[in-house]
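The values are calculated or read from the model by the stated rules, or taken from the named source; none is laboratory data. Quick caveat: nothing in here was measured; it's all calculated off a predicted structure. Every residue, glycine as well, gets a Cβ built from its backbone with ideal geometry; the counts of neighbours run over all protein chains shown. Note: areas computed on protein heavy atoms with side chains; ligands, DNA, RNA excluded. Shrake-Rupley method; radii C 1.70, N 1.55, O 1.52, S 1.80 Å.
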Amino acid sequence: MTGLPYVEVAVDLPVYHTFTYEVPKPLSSIVCAGKRVLVPFSERKISGYVLGAGNPSIIKDVKPILDVLDETPLFPASMIPFFQWISSYYMHPIGNVIKCALPAGVNLYEAVIIELTEEGQAALTGGELTSLEAKILKGLKRSGPCRLKKFLKNLEADVSAALIHRLECRGWITRRKELRGAEIKPKMERFAALLDPTGPLEGLSLQRLKIIEALSANPEMPVADLKKIVPSASRLIKAMEISGHVRLFHRAVYRDPFGESIPPDTPPILSAEQQKAVETVLNSFGKGFSTYLLAGVTGSGKTEVYMQLAAAALQQGYQVLVLVPEIALISQMQRRFRARFGDCVAILHSGLSGGERYDQWLRILRKEVNIAIGARSAIFAPFSEVGLIIVDEEHDSSYKQEHQLRYNARDLAVVRAKLQKAVVLLGSATPSVQSYHNVKRQNFVELILKNRVEKRCLPQITVVDLCKIRHKRGIRRFLSDELVVSIRETLNRSEQVLLFLNRRGYASFPICASCGEPVRCKNCDISLTLHRKINAYKCHYCGFAKPAVSNCSACGSAKIQLLGLGTEKIEGAVKSLFPTARVARMDRDTTRAKGSLLKLLKGLRSQTIDILVGTQMVAKGHDFPNITLVGIICADLSLNFPDFRAGERTFQLLAQVSGRAGRGESPGKVVLQTYNPNHFSIITAQQQDFIAFYEKEIQFREALKYPPFTRMILIKISGKNQQQTEKAAQAVGKSCRSMLKTLKTSLDTIQLLGPVAAPVPKISGRYRWQLLLKGSDVKALHRLVHQVLLDNRSLMNNRQVTVAVDVDPVDMM
């Protein structure tokens, strides 16, 4: 699609519609869908994305595009309907949707640069300045030239555009525009090539002869590889270029995100259940869109089903996309796929560097690989002929993005498969209520794996009532005799132990022993958590920290009582109880550094770790055969959340972490400690009976009209000023109620709850309010919210208050 006189462009700005631009003749042969273009927009230049042919008839003065920024498209044209659907459903500007899909750092934007002049410096010493003017000029003197937007944000003062204009007119500051962005570029590496293999070699040193020998075997080699053979190659190669023996040149190379190579594996013989699941899905290849839910108990071999289906898809010329909920699981999944499929596998996730992610994107785009594995953002992998999309652990809430474009990758997998007439396979040992309801309504086809591979038994789960031991002192209130004895027996058998507590830190609720005031965050309405390793109280929402020696902010007392517990406290207690055991901890604190997570997983695999203490990171999909005991320290933490999905999440988390035990030849055991042994989520998790849980939970959902019987949209209002934020929330609420009366057909199908302050009313210095809209008519619900947004444009563009729309919300906090 080249030679178009006009093109439709989605600009990288928060605007909900696209724009038509004229294509100058010199550029007409290279413009096509999927490429970025530089376009004029108002008084600036920005990058946009070509979506197709434009319609000039509805516009009087059509502006021309200024430049084409890509040699080849950044995404295939087949993905454009997918982007358009996302923009419409999630009510998000389409240019921002595409920006979110692409690797970070490839877009250009025009930035306003502000700088202090000599006259401005003179005014600082002798001029009559207001306090705000002095603050601006002093700030510019410290920072030097910088982006106006960033400068004003760091200044933390309310500065009007008129004041900046006035300072510019006085000659105290200058403003200029610069094109910025596109930080990510191809990695260039220096190569050497032998010019004349038959040339004379007399007089050459032994090192130079070694270089020529290496280049004779490999006509073109990276200089870095030559240095492994001859350490001084970097210096010698320059002289050899001058003497005419070699040619030096630079070539773009891919950054390697994998590290170590993986030995190939041999596909195992499938069980009868696995074979039936594979054959069922295979029969739908090439017959259009279909969705399957693979409900298999933990350790039933779901990953092997994925790989067998991927192999069949590749044989039929399709591309395969595999989603996993968290980066922690990608390492295990990519190792297994690379062992089976070799170098045709790419990975996409936010843990990669910008350059690595860009290179993986290019490999997919150039069809050098046909399998992509990644976390939620991998749903945007630029495959043009995707035939199979696999979503592992489909129930996991990590598939929902909670900022900017608030999409659910599991739902988008179904949408993309439908648009591209592909097959989507959702897999889980604990399917979401939403997905299983779709099975019941015959929207999805259920595939069942009831048994573990090689006829291994599910772990035996013992429930310990913590109410019976709460009279005990210290950590033994949470480490029951049953658990301690089980740990000792497991260690004596040289087997591994997993201890699960979904709360990090040392003490989660420090309070003043004198006045009872909690140690609170200054930016959030939440108590701080003590972290012993860094000897500080820390906020898990905004990152604020203060020293552990701090006194009570209310009464000044130094007596702080450290209530609550976290993984750090459990780790310390376990080390004191079992001093010879090798204990490690896996949570966000210990896996923040690059490579730290892989080091922990490698330690488990090589059995250099005896006891692993962790949060929910350890509960998902990991397969370590020597873990035979799982201890759940407190199963109730997620039950008390003000969220209608609290019971579902508790069941899923407990069933998943229990499934880490006994995945090898030795049987597994789980000690589940709880204050609520009679709660149906606990009972069904102990029985590992998802159907029993679903049948109980679905009754509550239907009675209270919660999903899957309705859809929900959460409107979030936040701002730094408490009164302004509440006023804005009330204005949005009033607009919603007014619109509901206007759209009379919606009165019976849509329910408005709020506006109310959010369960956590303040985070990172911003006050938070929310409105919840729920209804059975999806179109009416979206139409209402669209109209509310249009009626409140001044509020939507308000710098003081932010209004965000979360369609199908997962986090209600």
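Which three semi-axes in whole Å describe the equivalent ellipsoid of the stretch 325-378, each the square root of 5 times a Cα gyration tensor eigenvalue, listed largest first?
On the way: eigenvalues 49, 47, 13 Å².
With the √(5λ) rule applied to the stretch 325-378, the semi-axes are 16, 15, 8 Å.
Could you calculate the FRET efficiency of ALA157 with LEU753 from 1/(1 + (r/R0)^6), where r is the beta carbon distance between them and R0 is 35 Å, rounded to 0.05?
Rounded to the nearest 0.05, the efficiency is 0.40.
The candidates CYS515, CYS542, arranged from most to least accessible area with a 1.4 Å probe in the full protein assembly, appear as CYS515, CYS542. The helix-only estimate of mean residue ellipticity at 222 nm for the chain, built from DSSP H runs of length n ≥ 4 each weighted as -39500 (n - 2.57), is -10000 deg cm²/dmol after division by the residue total. Overall size of the stretch 639-779 from C-alpha positions, given as principal axis extents largest first: 63, 39, 26 Å. Gap in Å between the Cα centre of the stretch 685-700 and the Cα centre of the stretch 719-779? So the separation of the two Cα centres works out to 33 Å. Our Cα-only numbers for the chain put the radius of gyration and Dmax at 30.1, 95 Å.
Given the Cα-Cα distance of LEU195 and GLN316 and 0.36 nm per residue of separation, how much length would full extension add, in nm? Provide the component values of the computation, followed by the final result.
On the way: separation 121, 0.36 × 121 = 43.56 nm, distance 4.33 nm.
Once the chain is fully extended between LEU195 and GLN316, it gains 39.2 nm.
By the Stokes-Einstein formula, at 1.002 mPa s and 20 °C, the stretch 1-108 with its Kirkwood radius over alpha-carbon pairs has D equal to 156 µm²/s. Ordered by solvent-accessible area of protein heavy atoms (1.4 Å probe), largest first, the residues ARG170, ARG338 come out as ARG170, ARG338.
For CYS146, nonlocal amide neighbours, meaning residues 5 or more places apart or on other chains whose placed amide H falls under 5 Å from its own, are ILE114.
Run through the DSSP bridge list for the chain and note the antiparallel percent, rounded to the nearest 5. Intermediate values should be presented prior to the final figure.
Working: 78 of 131 bridges.
In the chain, DSSP labels about 60 percent of beta bridges as antiparallel.
Specify whether the C-alpha gyration tensor of the stretch 399-546 places it in the rounded, prolate or oblate class, a ≥ b ≥ c being the square roots of the eigenvalues: rounded for a/c under 1.5, otherwise prolate if a/b is larger than b/c and oblate if not.
Details: a/c = 2.76, a/b = 1.34, b/c = 2.07.
Here the stretch 399-546 falls in the oblate category.
Projected label points at GLN730 and SER353, each 7 Å from Cα along the beta carbon direction, are separated by 5.3 nanometres.
If you keep only loop residues by DSSP, which trypsin sites (Lys or Arg not before Pro) in the stretch 714-813 have at most 10 other Cβ atoms within 10 Å of their Cβ? Mind dumping the intermediate values first?
On the way: sites: LYS716, LYS720, LYS727, LYS734, ARG737, LYS741, LYS744, LYS762, ARG766, ARG768, LYS774, LYS779, ARG783, ARG793, ARG799; in loops: LYS720, ARG799.
Answer in residue order: ARG799.
Rounded to the nearest 20 debye, the dipole size of the stretch 110-193 about its Cα centre is 380 debye, using +1 on the Cβ of Lys and Arg and -1 on the Cβ of Asp and Glu.
How long are the semi-axes of the equivalent ellipsoid of the stretch 286-338, taking √(5λ) for every eigenvalue λ of the Cα gyration tensor, in whole Å from largest down?
Details: eigenvalues 83, 45, 25 Å².
Working through the eigenvalues yields semi-axes of 20, 15, 11 Å.
Were the residues from THR266 through GLU489 laid out at 0.36 nm apart, the gain over their Cα-Cα distance would be 76.8 nm. For ARG582, the amide hydrogen comes within under 5 Å of the amide hydrogens of ASP610, ILE611, counting only partners 5 or more places away or on other chains and with H modelled in the peptide plane. Modelled this way, with points 7 Å down the Cα-to-C-beta line, the labels at LEU132 and ALA104 are 3.3 nm from one another.
Backbone amide hydrogens, once placed in the peptide plane, bring GLY296 within less than 5 Å of SER428, ALA429, LEU449, excluding anything fewer than 5 places away on its chain. Taking the 1.4 Å solvent-accessible surface of the stretch 260-379 as the whole, the part contributed by carbon and sulfur is 50%.
Just how much of ILE534 is accessible, in Å², when a 1.4 Å probe is used and the result is rounded to the nearest 10? Taking all protein chains as shown, ILE534 has close to 100 Å². Couplings 3J(HN,Hα) for the stretch 639-646, derived from phi with the Karplus relation 6.51 cos²θ - 1.76 cosθ + 1.60 (θ = phi - 60°), are 6, 9, 6, x, 8, 5, 8, 4 Hz, where x marks Gly and Pro.
FRET efficiency for the pair GLN121 and ALA239, taken as 1/(1 + (r/R0)^6) with r the Cβ-Cβ distance and R0 = 51 Å, rounds to 0.50.
For the stretch 27-33, 3J(HN,Hα) computed residue by residue from phi via the Karplus equation (6.51, -1.76, 1.60; θ = phi - 60°) reads 9, 5, 7, 10, 7, 7, 4 Hz, glycine and proline entered as x.
Using a cut-off of 20 Å between Cα atoms, the listed pairs LYS99/LYS367; LYS716/LYS774; LYS472/LYS569 include LYS99/LYS367 as exceeding that distance. Residues in the stretch 129-135 carry Karplus couplings, in order, of 10, 6, 4, 6, 4, 5, 5 Hz; the curve used is 6.51 cos²θ - 1.76 cosθ + 1.60 with θ = phi - 60°, and Gly or Pro positions show x. Each residue, LYS177 and SER57, gets one label point 7 Å from its Cα in the Cβ direction; the gap between the two is 3.2 nm.
For LYS187 and ASN283, calculate 0.36 nm times their separation in residues minus their Cα-Cα distance, and state this gained length in nm to one decimal.
Working: separation 96, 0.36 × 96 = 34.56 nm, distance 4.31 nm.
Extending this stretch completely gives an extra 30.2 nm.
A Förster radius of 25 Å, combined with the Cβ-Cβ distance separating LYS227 from LYS599, puts the computed FRET efficiency at roughly 0.35.
With a cap of 16 neighbouring Cβ atoms within 10 Å, and only residues DSSP puts in a loop, list the GluC sites (Glu not before Pro) found in the stretch 112-219.
Numbers: sites: GLU115, GLU118, GLU119, GLU128, GLU133, GLU156, GLU168, GLU178, GLU183, GLU189, GLU202, GLU213; in loops: GLU128, GLU156, GLU183, GLU202.
Of the GluC sites (Glu not before Pro), the ones in loops of the stretch 112-219 whose Cβ has at most 16 other Cβ atoms within 10 Å are GLU128, GLU156, GLU183, GLU202.
Computed on protein heavy atoms with a 1.4 Å probe, the accessible areas place ASP158, ASP811 in the order ASP158, ASP811, largest first.
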